[in-house]
Amino acid sequence: MRVLIVEDERDMVEAISLSLRFQWPDCEVAVAEDGAAAVELAQQDTFDLMLLDLGLPRLDGFQVLREVRVGSAVPVIIITARGEELDKVRGLELGADDYVTKPFSHLELLARVKAVLRRVDMPPPGLSSSTSYYDGYLSIDYQSHQVKVAGAPVSLTPIEYNLLYHLVRNAGQVVPHRILLAKVWGHEYEDETDYLRVYLRRLREKLERDPDNPEYLLTERGLGYRFQRSQGTVGTDAGTRGASTGSG
Ligand code: CA
């Protein structure tokens with residue numbers, strides 16, 4: 001496993017490295033002590049995980065995340081001392097996978113890292129009869145994980161893909177918030193509805209013709225989300241669109 005630690009405090013780098021090597025003795029650790037170095041390293045090399053401090057010299061963590069996300073789906077755990085809700089949502093919007101808040105324990109860090117890696121490695125659940133979804137506009141290949149919109153490939157992070165997958169495989173049905181959170185992020189995330197809001201918006205921006213008036217990814221207020229097959233699809237088992245509205 002190769003991990004990029006982006007952190008300007010030497011003691012923190014030491015502590016994180018020790019934790020990682022305690023769990024994964026063969027873990028390779030690269031360190032960037034400022035934001036610009038982090039972006040450079042992330043572009044030159046491939047990593048299985050990035051641990052990203054927010055308060056950094058030169059480029060702050062948010063700027064690093066924005067630049068890294070342009071070309072990479074590497075899982076990112078943000079290390080924050082700030083902890084406000086606003087920062088958390090902002091980080092998720094920019095493509096972070098999770099957070100740890102300073103000060104954190106060795107066990108807490110490892111739990112977060114394991115949870116993120118588990119999600120990335122998660123095979124698509126319950127590969128059953130069909131191996132793809134296609135409706136003339138949106139296509140999803142469950143084996144290659146390739147998603148296309150109007151014939152053009154769309155790049156999804158592993159989490160975005162898994163979320164879409166769970167919704168599509170339950171097309172026409174409301175999938176409750178807690179179920180989605182548990183399936184995509186893990187049981188310890190069942191109350192993190194912010195995650196869903198952010199990720200649904202990102203999926204809509206990538207997949208919908210008009211993200212503000214989604215045709216596929218529908219909000220069922222207070223309940224969950226529902227994937228609606230395209231109206232033109234032959235053999236659709238989707239129900240009527242009903243009362244679902246909005247992009248919430
Ligand atoms: Ca710092």
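Quick notes
- The range 2-121: C-alpha gyration tensor shape, a/c 1.5 cut-off, then a/b vs b/c: rounded
- Local electrostatic count, S19, Cβ distance below 12 Å [Lys/Arg +1, Asp/Glu -1]: +1
- Solvent exposure of the range 132-241 as accessible area per residue, Å², 1.4 Å probe: 46
- Around the amide H of Y142, modelled in the peptide plane, lie the amide H atoms of S132, Y133, all under 5 Å away and 5 or more residues distant in sequence or on another chain.
- Overall Cα dimensions of the chain - principal axes, largest extent first, Å: 59, 33, 31
The values are calculated or read from the model by the stated rules, or taken from the named source; none is laboratory data. The structure displayed is predicted, hence computed values, not measured ones. Cβ atoms come from the backbone with ideal geometry, glycine included; neighbour counts cover every protein chain shown. Protein only, heavy atoms only, side chains kept; ligands, DNA and RNA dropped before computing areas. Shrake-Rupley method; radii C 1.70, N 1.55, O 1.52, S 1.80 Å.
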